[in-house]
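Taking it in order: structure first as structure tokens, then the write-up.
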Amino acid sequence: MAAVDDLQFEEFGNAATSLTANPDATTVNIEDPGETPKHQPGSPRGSGREEDDELLGNDDSDKTELLAGQKKSSPFWTFEYYQTFFDVDTYQVFDRIKGSLLPIPGKNFVRLYIRSNPDLYGPFWICATLVFAIAISGNLSNFLIHLGEKTYHYVPEFRKVSIAATIIYAYAWLVPLALWGFLMWRNSKVMNIVSYSFLEIVCVYGYSLFIYIPTAILWIIPQKAVRWILVMIALGISGSLLAMTFWPAVREDNRRVALATIATIVLLHMLLSVGCLAYFFDAPEMDHLPTTTATPNQTVAAAKSS
């Protein structure tokens, strides 16, 4: 047994000094529970997690910014609320226009072009351009038809702008609203795999009208056969876009209901195109017909002959 004198307790103020004096010694560090270490090297796993959070954007600063952005969301009656619907670049607008002009069977227009960022910028300006294209082309068409007539006096009809604006914007907003309500109602009865929001439907209708802008310009040609060929081409392109886009939303429904829905969509689109052609281009201009005024001598002669 070891002698009592050998069993002596020693205070070690510094573990580093003790290790220097006796390299083979074993030291145990007993810390106060209430004391926190000042310098602790981070584990490799922790540093990797921080790097992943930084790359993925999952750190506290991003959460704080997200919560701050949610708190600053504007109410729907302010301009800032609708500003997000116009947050789209030129490339996206051109890409969606190209997709509306070249509908591909089996490819969903909403999933390919709209769903990632639905906008109102493209539909709004397409409708505005179409309004002026129809109104201006209608006036020019009327002028070219009566060109060379001595009794004809050209007077621009500005009321066509307001009439065209009412027709185009009512169609581009009221028809999607009615269709969205109908799809929501049918979706509550029959669970459809594909569903569209109101903004997505407005986008589809807005971009489907782009084909009528060059068509309205070509309607200036004073040939009825050419005009009807153009309207059939435009109707075939835009109508097929609408049919192929909304068919997946109704194909799970009753067969008759699905076919009636697609037929109604195409029929309303046909009424718009044919109605614009008939009213703004083929309507007879009665306001500019020459009016004859009877002279007093002619009135007396007519009275004697009677």
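The values are calculated or read from the model by the stated rules, or taken from the named source; none is laboratory data. The shown structure was predicted, so the numbers you read here are calculated from the model rather than taken from an experiment. Cβ atoms come from the backbone with ideal geometry, glycine included; neighbour counts cover every protein chain shown. Please note that ligands, DNA and RNA were not included when accessible areas were found on the heavy atoms of the full protein model with its side chains. Shrake-Rupley method; radii C 1.70, N 1.55, O 1.52, S 1.80 Å.
Annotations for the structure displayed:
- Checked against (1) more than 14 Å from the chain's Cα centre (by Cα); (2) without any contact (Cβ under 8 Å) to a residue 24 or more places away in the chain, Leu130 passes all but a single condition, namely (2).
- Restricting attention to the stretch 83-111, the residues that are open to solvent by 100 Å² or more (accessible area, probe 1.4 Å) and hydroxyl-bearing (Ser, Thr, Tyr) add up to 1.
- The number of residues in the stretch 136-151 being in a helix (DSSP H, G or I) and in contact with a Phe, Trp or Tyr (Cβ under 7 Å, 6 or more places away or on another chain) comes to 4.
- Criterion: more than 14 Å from Ile134 (Cα to Cα) and touching a Pro at 6+ places or on another chain (Cβ under 7 Å) - qualifying residue of Val202, Val226, Val250, Val257: Val202
- Just one of (1) of a type outside the set (Phe, Trp, Tyr); (2) open to solvent by 30 Å² or more (accessible area, probe 1.4 Å); (3) at pLDDT 85 or above fails for Lys150. It is (3).
- A Cβ distance below 7 Å, combined with a sequence gap of six or more or placement on separate chains, defines the contacts here; from the stretch 178-204, residues that are more than 21 Å from Cys127 (Cα to Cα) reach residues that are outside any helix (DSSP H, G or I) and open to solvent by 70 Å² or more (accessible area, probe 1.4 Å) in the pairs Val190/Glu252; Asn192/Glu252; Ile193/Glu252.
- Residue within the stretch 95-104 that is farther than 24 Å from Trp247 by Cβ, assigned to a helix (DSSP H, G or I), at pLDDT 90 or above and not acidic (Asp, Glu) present: no
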